[in-house]
Amino acid sequence: MTKKLKNHFETPSHLVISSGKQKLHFVFLAAKCIHIYTKECPKDLIELDEATETKLISITCGEVMTLSLGDDITCVIDKNLSFRFYRAGEPFFSPLMLDETHSGKEGYSKIRIPVDEDAKIYGLGDKMAQLNKKGYVYRSWNTDDPNHQDEQFMSLYKSINYLLLRDKGTYYGLYFPSTFRYEYDLGRYDSKHADIYSEKGFLDFYFFYGASPKEITSSYSRLVGYPYFIRLKMLGNNQSRWSYENETMVRDVFKQHKKHRLPLDYIHMDIHYMDGYRDFTIDHSRFPDVKSLSEELKKGDVELVTINDAGLKLDDQYELCATCTEKGWLGKHEDGSIYVGRVWPGDSVFPSYINPECRAFFHQKAVEFIKENGISGIWNDMNEPYSFTGELPMNLDFSFGDRKLLHEEYHNIYGESMDRCYYDVFEEFNRRSYCFTRAAQATTPKYAFSWNGDNHSLWHHLVLSIPQILSCSLSNLMFDGVDIGGFGSDTTKELLLRWCEANILMPFFRNHSSLYTRNQEPYAFDQECTDIYREYLNLRYRFVPYLYDLARKMATKGEMIVRPLFYNYPNDENVFEINDEYMVGEDVLLAPILGQGQVARAIYLPKGIWIDYFTNEHIEGGKYILKEMKLGETGIFIRNNTIIPEFTNLLHLNKKKIPDIVFHLYGEEGNYELYEDDGDSLNYQKGEYNLYRVSFKDGIFSLTLTRNRYHSPWKRVIIIHNGHVYEEKMKSKLEVNLQ
Ligand code: GLC
């Protein structure tokens, strides 16, 4: 029987193409994205923005069917329902959707994508790997492996099913929405194919075909949800350790930072503050009065963050455990008995945080705890979820209401479901959220930002910190960071400082280290170490207004704060594999030293003129340069003709107490739009923010307040240009002659 291609529209933007009994669905979504499936996966556990748009310009149907999508993009579908996308007549994406019988792996279905030998495949979140993942095998299955080292580890804490490919000169993106396990063979066994296996047989993905990595990643971010807008203070310095075990130790961290004039905004309290590692309890023998402690610190503009673990101590006298047991919210075996694993508190049970009633209960507990203790941030840990006794059984039952839910489906979204209990707790205090998480998936940044778990104080972990954070950033975890100095093992003064230099403009900046390791606070070594660390923290605090503007763009447009070079220079062949440099926004490039004893390195600067941040030297890009950088020196370059807004002389980011705004002018002309609000409350959602248009040209600097809805504390404008400093009173319209 000869098959015939047919099509019909379920809705104006949902096209169903059939051939014999087979069907292929194309749903046209907003922002250059098509949802494509033959076998759809359930999506009720995650929230996607599936707003549709009718993009189809025309369909022609004959031997094959041709869809025109505008922007020079067409898709040709044949009688077997194989399809191929073309840009300007050149093919770039032609996947094969192979069901269980054809996938070559029992029970799995497969999407097989032909790729060129030299294609690049980016994304997949926090894998311990270089940016380009072509040639390796990975798995989406949240995994806590404290000894993870490098590319041999297929999975880590997060499962982000997003790939950004560059093949035949064209970029495109793919997102696989199922929460079940996925496997990716990105050309390890056959360099001409990338194979993506779905354990449950789903043939379901979203395809993004924007013109650049920036457009594609923003479309993906829109679909899964833009990361939430942070507090200004969250761009400050976070100091942590497992653990500051009592009030005296926490106070000492605060005092030492003051004494050494080290900028600081948050101190983290790891599990020792709890009573027997029970969430939302305090060990009063160690912390007699957390409320007074937090108030005392707040007077000094430093706030406290406390950790929560996913597993609860099994203890019928412990209210949280007792309530969860009584309500039937805990993970159960098939025979109905409660599963007991082992985490820090010993025997532990695992709530079904995804159950709306259970979520509301934990939300309320957190609000009470924050009120009682004056806590400013929540840190969610061990939420892959993980038990020291091994993997939780796949058939563990977390069902709620009518929704049957087993661990195999819940696992990758467990962490996010925990984050969803807490992400809005600070709303009760009219504050933006401070909630961060170890386990995550693509939609998580709506609820929590992230850090990348238990790295080690090893030089190659410093090296990998850059591609790891950049890959997270590409995968929607745009506010992310690693433990500065390394978590496990003992750091050295040199490693700590090089780490601080290298990660200094990463979105989340936190020094954290494990129990039994050597202390690694900035003042833990010698005076030189403290001085260099301080210099870098000062540098970070100068860049905060620039980072804050980027955070705003992240939350409103899905634009990345830190970026691999190819994001800004998608057609520069020299940058596709650069793992040891990164860009912050469009205008700042970092190229740090990453090796022990190393004092010089080659740095690639893309085409154009770059200005060395430290020496003011103007350098022609489009080539490698060699730069000497002894300990305490790093590579920072600013794009010529740029304005960078800065703060000056700050130890804390309390917006009300910041009187000055600095504009650092590089080159001979530039434009900038600066955003300003109170940095902490949700009032910006009611429109309470200011915008300033700033420019300089022909020796004239001008500033115009174009939107005035927030009462600004800025009294002074400082302009820096070619080594000259100009100070002016803040006005809604300002013009300064720089000659
Ligand atoms: C986990 C976390 C780590 C924390 C420790 C103790 O290993 O990843 O950051 O310090 O647990 O709570």
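The values are calculated or read from the model by the stated rules, or taken from the named source; none is laboratory data. As the structure is a computational prediction, the values presented were derived from the model and not from experiment. So basically every Cβ, Gly included, is an ideal-geometry build from the backbone, and we count neighbours across all protein chains shown. Note: areas computed on protein heavy atoms with side chains; ligands, DNA, RNA excluded. Shrake-Rupley method; radii C 1.70, N 1.55, O 1.52, S 1.80 Å.
Taking residues in region 289-312 that are in a loop (DSSP other than H, G, I, E, B), and partners anywhere that are more than 16 Å from the ligand (Cβ to nearest atom) and among the charged types (D, E, K, R), the pairs with Cβ atoms closer than 8 Å and at least 6 places apart or on different chains are 289/247; 300/258; 301/265; 301/657; 302/265. Total residues in region 709-727 satisfying the condition of being open to solvent by 60 Å² or more (accessible area, probe 1.4 Å) and in contact with a strand residue (DSSP E or B) (Cβ under 6 Å, 6 or more places away or on another chain): the figure is 2.
Return yes when residue 478 is under 16 Å from residue 445 (Cβ atoms) and either within 16 Å of the ligand (Cβ to nearest atom) or assigned to a loop (DSSP other than H, G, I, E, B) (or both) and no when it is not. When the stated conditions are applied, residue 478 passes them.
The set of residues in region 668-720 that are part of a strand (DSSP E or B) and charged (D, E, K, R) comprises 673, 676, 693, 697, 707, 716. Taken over region 262-278, the residue count meeting the criterion of being more than 30 Å from the chain's Cα centre (by Cα) and under 11 Å from residue 534 (Cα atoms) is 0. What number of residues in region 31-75 are part of a strand (DSSP E or B), surrounded by fewer than 16 Cβ atoms within 10 Å (Cβ to Cβ) and among the hydrophobic types (A, V, I, L, M, F, W, C)? Count: 2.
Candidates in region 362-400 are the residues that are at pLDDT 95 or above, small (Gly, Ala, Ser) and more than 16 Å from the ligand (Cβ to nearest atom); of these, the one that is nearest to residue 436 (Cα to Cα) is 376. Take residue 434 and decide whether it is open to solvent by less than 10 Å² (accessible area, probe 1.4 Å) and over 12 Å from the mean Cα position of the chain (by Cα). Spelling it out, residue 434 is indeed open to solvent by less than 10 Å² (accessible area, probe 1.4 Å) and over 12 Å from the mean Cα position of the chain (by Cα). Go through 465, 489, 513 for me and flag whichever is within 16 Å of the ligand (Cβ to nearest atom), more than 24 Å from residue 544 (Cα to Cα) and open to solvent by less than 10 Å² (accessible area, probe 1.4 Å). Just one listed residue meets the conditions, 513. Just to be sure before I move on: is residue 131 under 30 Å from residue 553 (Cβ atoms) and hydrophobic (A, V, I, L, M, F, W, C) in the structure I sent? Yes, satisfied. In the set (1) closer than 21 Å to residue 513 by Cβ; (2) more than 15 Å from the ligand (Cβ to nearest atom); (3) surrounded by fewer than 21 Cβ atoms within 10 Å (Cβ to Cβ), the condition left unmet by residue 234 is number (3).
Would you mind finding the one in 330, 304 that is within 29 Å of residue 404 (Cα to Cα), at pLDDT 95 or above and touching a helix residue (DSSP H, G or I) at 6+ places or on another chain (Cβ under 8 Å)? Give the steps one after another, and end with the answer.
Working: 304 fails: within 29 Å of residue 404 (Cα to Cα).
Unique residue meeting the criteria: 330.
Taking region 437-462 as the range and being more than 11 Å from the chain's Cα centre (by Cα), away from the ligand (no atom under 16 Å from the Cβ) and buried (at least 24 other Cβ atoms within 10 Å of the Cβ) as the test, the residues that pass are 447, 462.
To keep it simple, each residue is scored yes or no on (1) among the polar types (S, T, N, Q); (2) open to solvent by 40 Å² or more (accessible area, probe 1.4 Å).
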position	(1), (2)
317	yes, yes
324	no, no
330	no, no
343	no, no
347	no, yes
351	no, no
354	no, no
382	no, no
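If you go through region 620-636 and pick out every residue that is surrounded by 15 or more Cβ atoms within 10 Å (Cβ to Cβ), in contact with a Leu (Cβ under 8 Å, 6 or more places away or on another chain) and in a loop (DSSP other than H, G, I, E, B), you end up with 4. Taken over region 79-107, the criterion of being assigned to a loop (DSSP other than H, G, I, E, B) and open to solvent by 50 Å² or more (accessible area, probe 1.4 Å) is satisfied by 79, 80, 88, 89, 99, 100, 101, 102, 104, 105, 106. Selection of region 268-288 for residues being more than 21 Å from residue 239 (Cβ to Cβ) and in a loop (DSSP other than H, G, I, E, B) yields 276, 277, 279, 280, 281, 284, 285, 288. Of the residues making up region 574-585, one or more are among the aromatic types (Phe, Trp, Tyr), crowded, with 24+ Cβ neighbours inside 10 Å and touching a Pro at 6+ places or on another chain (Cβ under 9 Å). Quick check on region 653-674. Is at least one of its residues open to solvent by 40 Å² or more (accessible area, probe 1.4 Å) and of a type in the set (Val, Ile, Thr)? So far as region 653-674 goes, no, none of its residues is open to solvent by 40 Å² or more (accessible area, probe 1.4 Å) and of a type in the set (Val, Ile, Thr). For region 319-349, the candidate set comprises residues that are among the hydroxyl-bearing types (Ser, Thr, Tyr) and in contact with a Leu (Cβ under 7 Å, 6 or more places away or on another chain); within that set, the residue that is farthest from the ligand (Cβ to nearest atom) is 339.
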